Amino acid sequence: MGCLLIVGGAFVAVTATFVTFILPSRFASAARVAPAVTGQTAIATEMQKIQSGAVLSQVASNLTLSKRWEEKYKEAELPAHVTESLLKGMLAVEQVRGTDLIEVRVFADTPEEAAEIANEVVEAYRASPLAPGGTAGKPGVAVVDKAQANHRPASPNKALNILGGWLAGGLLATAGVWMVVLAFRRMAAAVGP
């Protein structure tokens, strides 16, 4: 049993390293908007509007994502609802802590695509009839930060994955060595002096 744990520990460490290096990199980029509303409920509502089909279909249309992604996903024709679903899966929409700002983060295969889509999402939201209008001469939705292409991958976190794999493998191997040592001690005690 101890030998199996030692071999298993080595296998876990090597596998974690190998898998980490074959995983494709994903890039993230974020844009921030001030939605011209305040209060948790109002901001949560605006966050849902940003992720709505009306906004995402406009983004897909403006960027011709169906056409672009047909090649990527090797499809003859990518239906609009599939494109919108893929787009929604790339989005993370959150309220910026301690503010009334909303952050739209997009994860994509390239830094440029992530930034382009994040910027288009906030622009499509701002231009849509779903966005709140300004009051008393104030503007409606304002783009606070435009997304920039970030060339550092958001995932996988190679250092953390490798460290975790080696730690887990090391713990398994240590448990295996401990079991082998105990087995030898028991055998030596059974044989006697």
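The values are calculated or read from the model by the stated rules, or taken from the named source; none is laboratory data. Note that the structure is predicted; figures quoted are calculated from it, not measured. Heads up, the Cβs are rebuilt from the backbone with ideal geometry, glycines too, and the neighbour counts pull from every protein chain shown.
Look at region 25-44: where a residue is in contact (Cβ under 8 Å) with a residue 12 or more places away in the chain and crowded, with 17+ Cβ neighbours inside 10 Å and a partner is part of a loop (DSSP other than H, G, I, E, B) and of a type in the set (Gly, Ala, Ser), sitting 6+ places away or on another chain with Cβ atoms under 7 Å, you get 27/154; 28/154; 29/147; 29/149; 30/147; 31/147; 36/134; 36/140. Being touching a helix residue (DSSP H, G or I) at 6+ places or on another chain (Cβ under 6 Å) and part of a helix (DSSP H, G or I) is a property that residue 60 has. Criterion applied to 91, 101, 56 was being within 30 Å of residue 160 (Cα to Cα), in contact (Cβ under 8 Å) with a residue 12 or more places away in the chain and outside the structural domain of residue 169 (by TED's automatic domain parsing), and the one residue passing it is 91. A Cβ distance below 6 Å, combined with a sequence gap of six or more or placement on separate chains, defines the contacts here; from region 169-190, residues that are modelled with pLDDT of 85 or more reach no residue that is surrounded by fewer than 15 Cβ atoms within 10 Å (Cβ to Cβ) and assigned to a helix (DSSP H, G or I). All conditions but one from (1) over 21 Å from the mean Cα position of the chain (by Cα); (2) hydrophobic (A, V, I, L, M, F, W, C); (3) modelled with pLDDT under 90 apply to residue 54; the one that does not is (3).
One line per residue, one yes/no per condition, for (1) out of contact with any strand residue (DSSP E or B) (no Cβ under 6 Å at 6 or more places or on another chain); (2) modelled with pLDDT under 85; (3) on the phi > 0 side of the Ramachandran plot; (4) part of a loop (DSSP other than H, G, I, E, B):
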position	(1), (2), (3), (4)
67	yes, no, no, no
74	yes, yes, yes, yes
82	yes, no, no, no
86	yes, no, no, no
89	yes, no, no, no
94	no, no, no, no
99	yes, no, no, yes
112	yes, no, no, no
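The residue that is modelled with the lowest pLDDT, counting only those in region 138-147 that are assigned to a loop (DSSP other than H, G, I, E, B), of a type outside the set (A, V, I, L, M) and surrounded by 14 or more Cβ atoms within 10 Å (Cβ to Cβ), is 140. Checking 106, 96, 82 one by one, the residue that is assigned by TED's automatic domain parsing to the domain that holds residue 34, within 13 Å of residue 27 (Cα to Cα) and of a type in the set (A, V, I, L, M) is 106 and no other. In the condition set (1) over 21 Å from residue 53 (Cα atoms); (2) touching a helix residue (DSSP H, G or I) at 6+ places or on another chain (Cβ under 8 Å), residue 117 is compliant with all but (1).
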